[in-house]
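The structure under discussion appears below in the form of C-alpha cells.
The values are calculated or read from the model by the stated rules, or taken from the named source; none is laboratory data. Quick caveat, the model's predicted, so the values are computed rather than measured. Neighbour counts run over all protein chains shown; Cβ positions are idealised from the backbone, glycine included.
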Amino acid sequence: MRTFATDGCTMAPDGTVYRRGLWHECCVAHDLRFWGGGTKEERILADKSLKQCVTDKAGVVIANLFFAGVRAGSASPWKIPSKKWGNAWFDLAGYRKLSEIEIQELMTEVMKLDLKEDIRNEYLLELENRLKTKDDEEETM
C-alpha cells in the first residue's frame with residue numbers, strides 16, 4: 001500500500017491572498033478519498049464533496065472552478081502516478097470496487113495518519129458505510 005500524501009490543492013491555491021489555507025482542508029479530504037479510491041460513482045461523490053466543502057468555505061464561484069478542474073482531470077489521459085484515483089493500490093489504481101480487506105486496510109492506515117479529526121472521522125464513516133453496503137449486498141444474494 002502506498003503511503004498517503006497530500007500537497008493540499010494540487011496545482012491550485014489553498015486559499016485567497018488574504019485568507020491563505022481557507023479551503024486547504026477540503027483538498028486534504030479530497031486527496032484522502034482519492035488515495036483510497038473505489039468505483040467511478042465514489043469518485044464523483046468525492047469530487048462533489050470537494051465542491052460542497054469549497055462552497056461552504058469560499059462560495060459557489062470558486063467551488064465551481066475546483067469542481068470543473070477535478071472533473072477535467074478525471075478525463076485527462078495524462079495522470080501523475082501519485083495522484084491517480086486509488087493510488088494507494090499502486091498498479092491496481094483506477095475505478096474498481098474495493099474488497100472488504102482493502103477497506104479495512106484503509107481504515108487501519110487512516111487511524112495512523114496525522115489528520116484533522118473531522119477529516120479522519122468523515123472518511124472512516126464513508127469506509128464503514130462501504131462495508132455495510134457490502135454486507136447488505138451479500139445478504140440479498
Condition check for I119: in a helix (DSSP H, G or I), over 25 Å from G8 (Cα atoms) and either under 14 Å from the mean Cα position of the chain (by Cα) or of a type in the set (V, I, T) (or both): no
Among (1) loosely packed, with under 15 Cβ neighbours inside 10 Å; (2) among the β-branched types (V, I, T); (3) modelled with pLDDT under 95, the one test that V60 misses: (3)
Any hit, the range 66-78, residues being modelled with pLDDT of 95 or more and not in a helix (DSSP H, G or I): no
Residues of the range 1-55 satisfying the condition of being free of Cβ contacts under 8 Å to residues at least 24 places away in the same chain, more than 22 Å from L113 (Cα to Cα), part of a helix (DSSP H, G or I) and of a type in the set (A, V, I, L, M): I44, L45
Every residue from the range 75-97 that is closer than 14 Å to R43 by Cβ, touching a Phe, Trp or Tyr at 6+ places or on another chain (Cβ under 9 Å), of a type outside the set (F, W, Y) and surrounded by fewer than 15 Cβ atoms within 10 Å (Cβ to Cβ): K79, G94
